[in-house]
C-alpha cells in the first residue's frame with residue numbers, strides 16, 4: 001500500500017469496526033490453546049497475533065510475516081518475536097508446521113496468488129486450517145484498491161476455485177460484511193459518478209476514523225453478522241471468506 005496511507009492504516013487497526021469485527025471472526029474459527037501453531041500472513045502491525053496470545057496461544061507458537069518494514073517494527077514494539085519480513089508468495093518457514101494459517105486481506109496484494117496458495121499449502125500441517133478473507137467483486141473496485149495496491153477482487157466461486165487448485169479441501173466459503181454491502185456499493189458508485197463529473201478531484205482510500213458512536217454501532221452490526229454466519233451463508237458481501245483444510 002502507499003506509504004502515506006500505511007501509517008493511518010496501522011493507527012486504525014486497533015479500534016476501527018472493520019478490523020475489530022474481522023479479528024473476532026477469525027479467532028472464532030480457531031481452536032486456541034497450548035501446542036497449536038499459528039501463522040498470520042500479512043500480519044500488519046500485529047493486532048491479531050497479540051489477540052491470539054491474549055486468547056491463550058503460546059507466544060512462542062505465534063508467527064507473522066509481512067513485506068513492510070514498518071509493520072514488522074510495529075509488531076516488534078508489541079513484544080512479538082516470531083515476525084519476519086518476507087514475500088508472501090515465497091515464505092521460508094518449516095513445511096507441515098502450522099495448525100492455522102490466516103491471510104486476511106492479503107491474497108489480493110499478490111500478483112501470483114496461485115503461487116502463494118501453493119506455498120501456503122506446504123506450510124500447513126495435515127489436518128490444519130487455512131482462513132482467507134479477500135475483497136469481493138471487481139465492480140466494487142475503487143481508489144481504495146489502488147491506494148492499497150490490490151491486483152484484483154474476487155467472487156466466492158473464483159476464490160474457491162483457486163483454493164481447490166492448490167490442493168486444499170474447502171470446508172466453508174461465502175461472503176462477509178453483507179450488512180454494509182448496499183451502503184458501500186452506493187457510496188462507491190456515487191464517488192465514481194462524481195469523479196466523472198469532475199466533482200471529486202483526489203479520490204482516496206475508504207478507511208477513515210469514524211465518530212465513536214458510529215464505530216460502536218457498525219461494530220455491533222458486524223458482530224451480529226459474525227454470529228449469524230455460523231448458521232447462514234449470505235448471498236453477497238463486501239468480502240469473501242474461505243475456510244480450507246489440508247488432508248493427511
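Throughout, read-outs are computed from the coordinates displayed, never taken from laboratory work. Bear in mind the structure is a predicted one, so any value in this text is a computation, not a measurement. Virtual Cβ from ideal backbone geometry, glycine too; neighbours counted across all protein chains shown.
In nm, to one decimal, how far is the residue 187 label point from the residue 158 one, both placed 7 Å along Cα→Cβ?
2.2
For 238, 147, 170, 134, what's the fewest-to-most ordering of other Cβ within 10 Å of each Cβ? Before the final figure, lay out the partial values.
Working: 238 22, 147 19, 170 15, 134 26.
The fewest-first ordering by Cβ neighbours comes to 170, 147, 238, 134.
Give me 230, 172, 129 sorted ascending by neighbouring Cβ count inside 10 Å, so fewest comes first. Write out the running numbers ahead of the final one.
Values: 230 10, 172 13, 129 20.
So the ranking, lowest neighbour count to highest, is 230, 172, 129.
Can you tell me which of 80-86, 231-237 comes out highest on packing, and rank the rest after it, using the mean Cβ neighbours within 10 Å?
Values: 80-86: 16.3, 231-237: 13.3.
Descending packing order for the listed peptides: 80-86, 231-237.
Relative to the longest principal axis of the C-alpha atoms of the chain, give the angle of the C-alpha long axis of helix 181-196, reported between 0 and 90° and rounded to the nearest 10°.
Once rounded, the angle reads 50 degrees.
Which whole-number percentage describes the relative contact order of the chain, with Cα contacts under 8 Å and a sequence gap of 6 or more?
On the way: 429 pairs, mean separation 54.8, N = 248.
For the chain, the relative contact order is 22 percent.
Report the gain in length on full extension from residue 77 to residue 54: 0.36 nm times residue separation, minus Cα-Cα distance, nm rounded to one decimal.
On the way: separation 23, 0.36 × 23 = 8.28 nm, distance 1.62 nm.
Once the chain is fully extended between residue 77 and residue 54, it gains 6.7 nm.
If contacts are Cα pairs under 8 angstrom and at least 6 residues apart, what is the relative contact order of the range 52-126 in percent? Can you show the working numbers first?
Working: 77 pairs, mean separation 20.5, N = 75.
Result for the range 52-126 is 27 percent.
Tilt of helix 212-228 relative to the longest C-alpha principal axis of the chain, in degrees (0 to 90, nearest 10)?
On a 0 to 90 degree scale, this one is about 50.
In 10 Å bins starting at 0, how do the alpha-carbon pair distances of the range 105-167 split up by percent?
Bin by bin from 0 Å, the calculated values are 20, 53, 22, 5.
Using a 7 Å offset from the Cα along the Cα-to-Cβ direction at both residue 171 and residue 118, what is the distance between the two label points in nm, to one decimal?
It is 2.5 nm.
In whole angstrom, how far apart do the alpha carbon centroids of the range 12-90 and the range 115-193 sit?
Result: 19 Å between the Cα centres.
How long are the three semi-axes of the equivalent ellipsoid for the chain, computed from the Cα gyration tensor as the root of 5 times each eigenvalue, in whole Å, largest first?
Numbers: eigenvalues 158, 82, 69 Å².
Equivalent-ellipsoid dimensions as semi-axes: 28, 20, 19 Å.
Report, for the chain, the % of DSSP beta bridges that are antiparallel, rounded to 5. Before the final figure, lay out each step's value.
Working: 14 of 31 bridges.
Bridges in the chain are about 45 percent antiparallel.
Could you work out the helix-only [θ] at 222 nm for the chain, with each DSSP H run of four or more residues adding -39,500 (n - 2.57) and the total divided by the number of residues, to the nearest 500 deg cm²/dmol?
Working: 9 runs with 98 residues, N = 248.
Helices in the chain give a 222 nm mean residue ellipticity of -12000 deg cm²/dmol.
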